[in-house]
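Participant: Quick one: structure below, then a few questions.
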Amino acid sequence: MPGVGPVSATRIAYYLLDRKRQEGLNMAQVIEQSLKNISLCPHCRNYTDQENEPCELCKSDKRRSSGSICVVETPTDVSAIESSSSYSGNYFVLHGHLSPLDGIGPKELGLDVLRSRLESEDVKELILALSQTVEGDVTASYIASMAKKYGITVSRIATGVPLGGDLGSVDGNTLAMSFNYRRNM
């Protein structure tokens, strides 16, 4: 599991066996039900507990009429943006990024679904909230070129020095991006 190494996994297993067997069984039941019942929203590809039905965010009339789609890599990214209360439009979740060496192409990311949304919806802006990695940049470029064919404005979220951050603790690449994307005051 991501973030859980062999030592931590062993420690968790022994803890459940020694002290929390019933909680472990309950957790196993919840995991089993989740794996059986949670699927992808046919509209945005975020998780939903109603198969072939839009998720709660996609059901919102206000979001549908916003004219914007924010493209993210993971459902965790949706949660992070939602907790900031800084965006109230639609989403599209890739569940990864383009990586031909790993066999992940446009089809695996659901870009055919995104393309049909761009064709059929009144989308004015596509916001790319993708990671600042080589793969994230390639994915962003691919999606941007796809959206521009439909005359849609494409933007990418800003990167740079974190709020309250010290310049001495920021890596060189992030600092360079901050200078490249600076804005007038």
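Participant: So, of the residues in the range 26-47 that are in contact with a helix residue (DSSP H, G or I) (Cβ under 9 Å, 6 or more places away or on another chain) and on the phi < 0 side of the Ramachandran plot, which turns out to be least open to solvent (accessible area, probe 1.4 Å)?
Facilitator: Cys44
Participant: Something else: Could you check the range 148-172 and list, in sequence order, the residues that are in a helix (DSSP H, G or I) and under 19 Å from Leu128 (Cα atoms)?
Facilitator: Scanning the range 148-172 gives a single hit, Lys148.
Participant: Sticking with this one: On the basis of being in contact (Cβ under 8 Å) with a residue 24 or more places away in the chain and not polar (S, T, N, Q), does Leu114 make the cut?
Facilitator: So Leu114 passes the test.
Participant: Also, I was wondering about something else. Among the residues of the range 49-83, count how many are closer than 20 Å to Gly136 by Cβ and touching a residue at least 12 places away in the same chain (Cβ under 8 Å).
Facilitator: Qualifying residue count for the region: 11.
Conditions tested, residue by residue: (1) within 30 Å of Leu118 (Cα to Cα); (2) β-branched (Val, Ile, Thr).
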| position | (1), (2) |
| --- | --- |
| Ile152 | yes, yes |
| Arg156 | yes, no |
| Thr159 | yes, yes |
| Pro162 | no, no |
| Asp166 | no, no |
| Gly172 | no, no |
| Tyr181 | yes, no |
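The values are calculated or read from the model by the stated rules, or taken from the named source; none is laboratory data. These numbers were taken from a predicted model, which means no experiment stands behind them. Ideal geometry is used to build each Cβ from the backbone, glycine not excepted, and the neighbour counts take in all protein chains shown. Ligands, DNA and RNA are stripped out before the accessible areas are found, and what is left, the full protein with its side chains, is counted by its heavy atoms. Shrake-Rupley method; radii C 1.70, N 1.55, O 1.52, S 1.80 Å.
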